[in-house]
Amino acid sequence: MTITPNLTERIATLVGEHYVFPDVAEAIVAGLGATPVDSESAEAATRLTERLQTVNQDRHLRVRHRPSGALAGPVDWEQHYAAEAVQNAGGIKCVERLDEHTGLLAIAPYTSPVHLAERYIVAAFDLLAGVDRLVIDLRAGRGGVPETVAFICGYLLGDEPVHLQDLVSRDGTVRQYWTNPAAGRLPLTVPIRVLTSAATFSGCEELAYNLQAQGRATLVGERTGGGAHPVEMFELTDTLELTVPIARSVNAITGTNWEQVGVVPDIECPAEAALERALDSFSSVS
């Protein structure tokens with residue numbers, strides 16, 4: 001199918017109207033120009049994404065090719081997320097007791113919306129009850145949603161609600177995110193290590209950043225990918241969709257976020273060595 005001639009113009013309009021930083025949006029639109037697009041292929045999506053990211057390398061700003069068909073509205077997205085939640089257990093990839101004292105929670109590829117992820121997270125922490133130390137593996141975690149991150153943090157940050165972050169939209173509207181201490185939460189005496197890689201991104205970065213900022217966890221591994229802007233999706237064609245960052249994260253402790261810079265681990269090492277280094281770090285302070 002041939003793309004309509006005004007596709008680039010539609011992308012420019014959506015970026016100009018919705019991108020989180022209006023002044024940057026102007027530069028992105030100017031740089032987009034009349035990018036030639038003559039198909040609905042993955043290659044076309046890649047070419048448009050490269051052009052969109054030229055100005056400020058915002059990796060959340062992109063055109064995605066979805067061969068099965070772009071998702072057109074709330075009903076489509078809810079069905080998509082519901083199916084993914086079942087397939088991916090809400091983002092809970094693995095729960096394991098490494099030994100009688102140590103629990104491992106692996107989150108990947110991304111956390112589902114909280115109403116779909118909740119039962120899997122509750123089950124995970126039921127299995128982790130009584131551990132003396134916890135490793136959270138985010139090395140393959142590519143994203144998630146702030147509500148689900150806050151829900152997970154409710155198991156890790158003690159008995160009182162904790163202010164995690166604000167999301168500030170382009171018009172200055174602020175939405176706060178707080179923990180809701182969970183019934184099965186781990187005691188604050190349980191030390192936590194969080195494993196990261198260069199592939200760790202977006203919502204999974206937020207989880208790592210929150211726990212580090214709160215002084216609750218030691219991060220082990222590689223600097224993460226650096227994507228802190230939540231997005232809104234827009235259908236472009238039958239198989240192409242545009243994701244536009246619409247807000248910025250402001251952490252309640254640091255007053256900033258991890259956009260572009262990534263989350264910097266406390267113990268830097270190759271991702272493949274992170275679990276071993278994390279376990280060794282428990283031994284060194286026990």
- Message: Quick check on the chain: helices-only [θ] at 222 nm, where DSSP H runs of length 4 and up contribute -39,500 (n - 2.57) each and the sum goes over total residues. Nearest 500, please.
- Response: -10500 deg cm²/dmol
- Taking amide H positions as placed in the peptide plane 1.01 Å from N, state which residues far from Leu164 in sequence (5 or more) or on other chains have amide H under 5 Å from it. Tyr177, Trp178, Thr179
- In whole angstrom, the spacing between the Cα centers of the range 209-286 and the range 50-103 equals 15 Å
- Note the per residue figure in Å³ for the convex hull of the C-alpha positions in the chain. 127 Å³
- Could you give the alpha-carbon Rg of the range 195-270 over 2.2 N^0.38 Å, rounded to two decimals? 1.25
- Percent antiparallel among DSSP beta bridges confined to the chain, rounded to 5, stands at 60 percent
- Message: Keeping every protein chain present and rolling a 1.4 Å probe, give me the accessible area per residue for the range 136-286 in Å².
- Response: 40 Å²
- Query: In whole Å, what are the Cα extents of the range 1-94 along the three principal axes, biggest one first?
  - Reply: 43, 33, 23
- Message: Spelling out what I want: for every residue of the range 72-88, take phi, set θ = phi - 60°, compute 6.51 cos²θ - 1.76 cosθ + 1.60 (Karplus), and round to whole Hz; glycine and proline get x.
- Response: 9, x, x, 5, 4, 5, 4, 5, 4, 5, 5, 5, 5, 4, 5, 5, 10
- Would you mind putting 129-142, 176-189, 153-166 in packing order, based on average other-beta-carbon counts within 10 Å, highest first? 129-142, 153-166, 176-189
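Hey, what D do you get for the range 57-137 in µm²/s if you plug the Kirkwood alpha-carbon radius into Stokes-Einstein at 37 °C and 0.692 mPa s? Before the final figure, lay out the partial values.
Numbers: Rh = 14.6 Å.
In µm²/s, the coefficient is 225.
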- Pairing the Cα long axis of helix 114-128 with the longest principal axis of the chain, what angle in degrees results, from 0 to 90 and rounded to the nearest 10? 20 degrees
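Could you tell me what percent of the accessible area of the chain is made up of carbon and sulfur, with a 1.4 Å probe and every protein chain present? Please report the intermediate quantities before stating the final value.
Working: 6760 of 12960 Å².
Answer for the chain is 52 percent, counting heavy atoms of protein chains only.
The values are calculated or read from the model by the stated rules, or taken from the named source; none is laboratory data. Predicted, not measured: the structure shown is a model, and the values here were computed from it. Quick reminder, even Gly has a Cβ in these numbers, built from the backbone with ideal geometry, and neighbours come from all protein chains shown. Note: areas computed on protein heavy atoms with side chains; ligands, DNA, RNA excluded. Shrake-Rupley method; radii C 1.70, N 1.55, O 1.52, S 1.80 Å.
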